[in-house]
Amino acid sequence: MTDSIFSKIIRGEVPAHKIYEDDFVISILDIGPLSEGHALVIPKEPAATIDTLSDEFAAAVGRVLPRITRAIQKVTGATAVNILQNNGADAGQAVDHVHFHIIPKFTGRNPGTGLMIDWTPGSLSQDEALELGKQIKRLL
Ligand code: AMP
């Protein structure tokens, strides 16, 4: 459990540009947007990282993510969107309260804005995949 800036926004103690709210979730415009329309979807449960979020609040986020994304795309004219969710400082998480970024991309407009991904694929052998998969499945 954590009492972050997002908990203060949820409680109304800190102002934010709120674009959506229900019993489980709020959505606000990001104060430091990577592109026009960059927004955050935040479960009201004060879990720091996704692995500690309850199924109920996770489902509530999943329920509204597509709808909020559609609205942002329609208003901004975004041609593509990245959904980003960081967990832990090593993954770039700055605020210790689960949140999903909706980050629009624009083809032919606003070049250089939005999420830039440095993605260097590795490889996965058959043996490795079988062993890893077996261990993970045991916990699910
Ligand atoms: P992350 O690195 O995934 O933890 O991202 C945290 C995000 O929260 C950043 O994109 C910040 O710009 C954003 N942020 C921090 N404080 C506020 C705030 N008071 N209102 C809106 N967005 C915020």
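Listing T120, T52, T107 from fewest to most neighbouring C-beta atoms within 10 Å gives T120, T107, T52. Normalising the average separation of contacting C-alpha pairs (under 8 angstrom, six or more residues apart) by the number of residues puts the relative contact order of the stretch 5-139 at 23 percent.
Each residue of the stretch 119-134 was assigned a 3J(HN,Hα) from its phi angle through the Karplus curve 6.51 cos²θ - 1.76 cosθ + 1.60 (θ = phi - 60°); the sequence is 10, 10, x, x, 9, 9, 7, 4, 4, 4, 4, 5, 5, 4, x, 4 Hz, with glycine and proline shown as x. Cβ crowding within 10 Å ranks E45, E21 as E21, E45, fewest other Cβ atoms first.
Go through the stretch 6-110 and name the trypsin sites (Lys or Arg not before Pro) that are in a DSSP coil and have 13 or fewer other Cβ atoms within 10 Å of their Cβ. Here the sparse-neighbourhood loop sites are R11, R109.
Cross-link reach is defined here as a Cα-Cα straight distance under 16 Å, omitting same-chain residues fewer than 8 places apart; for K18 the lysines meeting it are K8, K44. Computed from the C-alpha gyration tensor, the three semi-axes of the ellipsoid equivalent to the chain are 27, 23, 14 Å, from longest to shortest.
No lab work stands behind these numbers, since they all come straight from the coordinates. Source: prediction; values computed, not measured. Note that we place each Cβ from the backbone using ideal geometry, even for glycine, and neighbour counts take in every protein chain shown.
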